[in-house]
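One structure is given here, and the rest of the page talks about it.
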Amino acid sequence: MTTKKKAAKSSRKMSSRAAMAVATDEKATTKQRVKAMSQAPLAVCETDDNLQKMLAVVRNKDEAVQVRLAALDTLATAAFSAVKFESCRNDYIAALREVAEDPSQEIRESALGLLAGEKDPFVQKKMLEGLKNPQKALVPPEKALQLLSYDVHTEAYAVARDIVKNPPSETAKQEALRLLAADAKSAPLFEKLLRDKDEKREVRQLSASALNALNPDKLQEHAREILLDDSEYEDIQATSLTALKRFGDEEELSKDKALLKSVDRLSTEAKSAKYKRSAKQFLQTYVDKDKDK
Amino acid sequence: MELVTAPANEEEFVDLVDGLVADPAQLMDLLREDHPFYNERGAATVVHMRGWVLLGLVRAGAVSDDTLVFILEELDAGIDPYLVAAAACALRSYPQPNSALAPFVMRALNQIRYHDDPVSFLGYADYSSGPESTSPVRELLLTLGWLGPHARSVLPELESIVKSGGLSKKALADANRTLEIIRRSEQVEENDCCKLPAGLASRFSWPGKARRNAESIGATVFEDQDGTAITFNEFFQGRPSIVVFFYTRCDNPLKCSLTVAKLARVQKLLESHSLDEQIQTAAITYDPAFDLPDRIRRYGENRSVRMDALHRMLRTTGEIDPLRQHFKLGVNFIESLVNRHRIEAYVLDSKGRIAASFERLHWDEQEVVDRAIEVLDEKDEVTSSVAPRVTSSMLATLASIAVVFFPKCPICWAAYLSMLGIAGVSQIPYSPWLQPVLVVLMIANIVSVWLRGRATGRMTGPYLVTLGALAILASKIDSGSLKLAVAGIVLTLAGSLLTVVSSLNSRDSSKTVIC
């Protein structure tokens, strides 16, 4: 029986040890190996030999990228069980740092993502370097910002603010805003963006969400004004309505005649049925509440 | 102590630290969390900077009692692999291995073993993973080996870790070597077994007169977990308080989360002593811009903290700087976010002044409560105890003198009182029962000075008073011995005075290191 046949046979119903053998067998096909990888996590840290073989696949630039990515996934799954993975962690982190500068962008991003999840200082340093000096960047700015946002304690706020001012792309700007959503000093920036009708909808919705986390009272204020503004976009009004419904003061809302009138108009005139429904639900909650009293 | 020029970047910081190897005092100063060099740096950068300072101390051969607390702090509550590894490495340069250090190393090993990332000491912020690299677990194992016989107490725990099969291949080899060293080492005699060095400064106490007043922050406005505004003076004046600092975004479970959970246990202890209405508690956030009332309330609720009028979670509504300066908080920031902080708990007296602080190492709930009870008890002492103490001492001394001059018969009594005729007391009848009362008062004075002498450790006063009393009694037996009577009075007066002065002086000694 040839290696391929053996591998094909064993890959149908493999024990994790058998899967490990196929996953690290260079003679098996890419498909067989990728499939075997998904069944290998339990065996990967059973012995040092298994670990080193799997890490060798990740490091080997001559291997197919799919196989290397599958090996990274296998290791990440195994690492999820911190106690069982204790003896393997040191070599695993060292290997990830090694391939974080791999020529393959997919491998780089995968390794950097896994390290960033561990709040690894090496990744933070590389991401900040890349944002300050794009020639050194290992990943696009939006990805770097996303990876930095895993840890609020990085030095990324100043860089993110610069990106919001001069964004290299719309995606980068949005990622920068997501990162700044944890920065209390950025609340005024989010207020400004929320009220700016020239901003993209995504940016304004993101600003509403950030403002709710940083200064909920301000969001209530702006949400009310947005709902009172006839020239405001429906979807932004609907977001404001949701914010008021979830976080607003019930007592005050049920007494706010001007606001209830605006919501009533939205419930009949909105183009989207979804927004009409949302407005009606709001009125049912607050108008009825007022009547009950 | 401030350095002349602040480094503009990390490269300059490295040069500066390397240059300071010749000046360990300046180097040690860089371990203060609130050092301006750490302003506006990311947490990861601060980790590298502090790690480099620890390694600088090793190179300088300057790891001493003064620096030990910073090293133990990292082993006690550190979760960063690089800093824990650097601390373990630095401990091996401490000149006096001691059994008290082994539990710190073992605790760090248990805490960091699931985050045993590769670290490198080859250069600043180096990430090389070659054979020269190390790891926190390997450094801690080497340190246990360095402790050798002093690590015998943790041998079973270490054996259990090795048996669990959790260590990496490299770490396992190190662990087996360490076990071998500890097993082979001969038992050592330690005079101060299991005691940390006396100079290890992690708990401080200030007697009443040495306490700084809280005027500078009296008007600071806080908001509690329900959004209720209250000033420092309104909340902290009137009864003693136990205060801890925290912030909800702290990612070290051994610091803020544990501190607030321990505050909840402190509250339970106060309740069990029925002191929860007399001693209040507060947890104040370092991050008031982000930690809004709702956030701190949920953080407290999740850790079973009691929250009411006397027990509050607080945030300042303005800048945190005045609070930072008053408490001399061990914290630093990047923008409004904490980049590094120490563990810190305080006991405030009823005037809001700091009476005690517990810093860096994990504090014991009972110990903090006991200190707060002492502060509660001193409430009356501070305000009114000094004058009565002197007065009672003088009255008891006068009793001794009265025993000497007490008249033997009604005629002598009348003669004595006629001399005091202008005071209008000449009509008081002769009272023979007064003599035993005066003797009892004299004995009470002797007991009192002995108790005070034992409390202050100064026994000259009690000896003099006792001798004086014996002389007075002897003079009463030998009725003609005036010399004995005078000697008794002088000795009693001198002894009583000396005891009172010693007692007052012992209260005035300033900041005291408890351990």
Name the pairs: first residue in segment B:14-35 and polar (S, T, N, Q), second residue part of a helix (DSSP H, G or I), Cβ to Cβ under 9 Å, at least 6 apart or on different chains?
B:GLN26/B:LEU20
Somewhere in segment A:111-119, is a residue away from every other protein chain (no Cβ under 14 Å), in contact (Cβ under 8 Å) with a residue 24 or more places away in the chain and under 30 Å from B:ASP117 (Cβ atoms)?
yes
What tally of residues in segment B:120-133 results from selecting those that are buried (at least 18 other Cβ atoms within 10 Å of the Cβ), at the interface with another protein chain (Cβ under 10 Å from one of its Cβ atoms) and touching a Leu at 6+ places or on another chain (Cβ under 9 Å)?
1
If you take the residues of segment A:204-224 that are away from every other protein chain (no Cβ under 14 Å) and out of contact with any Gly (no Cβ under 9 Å at 6 or more places or on another chain), which of them is surrounded by the fewest Cβ atoms within 10 Å (Cβ to Cβ)?
A:GLU221
I need the helices (runs of 4 or more DSSP H) fully contained in segment A:176-240, keeping only those with at least 2 residues that are within 26 Å of the chain's Cα centre (by Cα), within 21 Å of A:LEU253 (Cβ to Cβ) and not charged (D, E, K, R).
A:201-214, A:216-228
Can we say B:ALA289 is within 14 Å of chain A (Cβ to nearest Cβ), of a type in the set (A, V, I, L, M, F, W, C) and either farther than 22 Å from B:SER202 by Cα or part of a loop (DSSP other than H, G, I, E, B) (or both)?
yes
So A:LEU138 fits all but one of (1) out of contact with any strand residue (DSSP E or B) (no Cβ under 8 Å at 6 or more places or on another chain); (2) in a helix (DSSP H, G or I); what number is the exception?
(2)
Here are the criteria: (1) more than 14 Å from chain B (Cβ to nearest Cβ); (2) acidic (Asp, Glu); (3) surrounded by fewer than 17 Cβ atoms within 10 Å (Cβ to Cβ). Tell me which single one A:GLU98 does not satisfy.
(1)
Under 6 Å by Cβ, and 6 or more places apart or on different chains, what pairs join a residue from segment A:191-217 that is of a type in the set (Ser, Thr, Tyr) with one that is in a helix (DSSP H, G or I)?
A:SER207/A:PHE190; A:SER207/A:LEU193; A:SER207/A:LEU194
Across segment B:36-72, what is the number of residues that are outside any helix (DSSP H, G or I) and either within 14 Å of chain A (Cβ to nearest Cβ) or surrounded by fewer than 21 Cβ atoms within 10 Å (Cβ to Cβ) (or both)?
7
Could you please find all residues in segment A:226-257 being in contact with a helix residue (DSSP H, G or I) (Cβ under 8 Å, 6 or more places away or on another chain) and hydroxyl-bearing (Ser, Thr, Tyr)?
A:TYR233, A:THR239, A:SER240, A:THR242, A:SER254
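Restricting segment B:152-162 to residues that are surrounded by fewer than 19 Cβ atoms within 10 Å (Cβ to Cβ) and not charged (D, E, K, R), which is farthest from B:ASP117 (Cα to Cα)?
Of the residues in segment B:152-162, the ones surrounded by fewer than 19 Cβ atoms within 10 Å (Cβ to Cβ) are B:152-153, B:155-157, B:159-160, B:162.
Okay, now just the ones that are also not charged (D, E, K, R), so B:153, B:155-156, B:160, B:162.
Numbers: B:SER153: 27, B:LEU155: 24, B:PRO156: 25, B:SER160: 21, B:VAL162: 18 Å.
Here the answer is B:SER153.
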Filter segment B:163-181 for residues that are within 11 Å of chain A (Cβ to nearest Cβ) and assigned to a helix (DSSP H, G or I); which is surrounded by the fewest Cβ atoms within 10 Å (Cβ to Cβ)?
B:SER164
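Given the structure, is B:PHE245 outside the structural domain of B:ILE161 (by TED's automatic domain parsing), farther than 30 Å from A:ASP151 by Cα and in contact with a Leu (Cβ under 9 Å, 6 or more places away or on another chain)? Reasoning before the result, please.
Numbers: outside the structural domain of B:ILE161 (by TED's automatic domain parsing): yes; farther than 30 Å from A:ASP151 by Cα: no; in contact with a Leu (Cβ under 9 Å, 6 or more places away or on another chain): yes.
Answer is no for this residue.
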Any residue that is of a type in the set (A, V, I, L, M, F, W, C), surrounded by fewer than 22 Cβ atoms within 10 Å (Cβ to Cβ) and within 14 Å of chain B (Cβ to nearest Cβ) - is there at least one of those in segment A:171-181?
yes
What are the residues in segment A:66-109 that are closer than 21 Å to A:GLU46 by Cα and of a type in the set (Ser, Thr, Tyr), if any?
A:THR74, A:THR77, A:SER81, A:SER87, A:TYR92
Could you please give the count of residues in segment B:292-336 that are within 14 Å of chain A (Cβ to nearest Cβ), at positive phi and free of Cβ contacts under 8 Å to residues at least 60 places away in the same chain?
0
Subset tally (residues that are hydroxyl-bearing (Ser, Thr, Tyr), surrounded by 12 or more Cβ atoms within 10 Å (Cβ to Cβ) and over 12 Å from A:GLU234 (Cβ atoms)) for segment A:263-289
2
Flagged pairs (Cβ under 8 angstrom, 6 or more apart or on separate chains; first in segment B:337-357, within 14 Å of chain A (Cβ to nearest Cβ); second among the aromatic types (Phe, Trp, Tyr) and assigned to a strand (DSSP E or B)) are B:ASN339/B:PHE333; B:HIS341/B:PHE245
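For residues that are within 14 Å of chain A (Cβ to nearest Cβ) and in a helix (DSSP H, G or I), scanning just segment B:134-151, find the one that is surrounded by the fewest Cβ atoms within 10 Å (Cβ to Cβ).
Taking segment B:134-151 and keeping what is within 14 Å of chain A (Cβ to nearest Cβ), we get B:134-141.
Next, from what is left, pick out any that are in a helix (DSSP H, G or I): B:136-141.
On the way: B:PRO136: 32, B:VAL137: 32, B:ARG138: 24, B:GLU139: 26, B:LEU140: 33, B:LEU141: 28.
Applying the filter and picking the extreme gives B:ARG138.
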For segment B:73-100, the count of residues that are crowded, with 23+ Cβ neighbours inside 10 Å, of a type in the set (A, V, I, L, M) and farther than 13 Å from B:VAL137 by Cα equals 2
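The values are calculated or read from the model by the stated rules, or taken from the named source; none is laboratory data. Fair warning: this is a prediction, and the values are worked out from it, not measured in the lab. Positions of Cβ are generated from backbone atoms using ideal geometry, with glycine treated the same way; all protein chains shown enter the neighbour counts.
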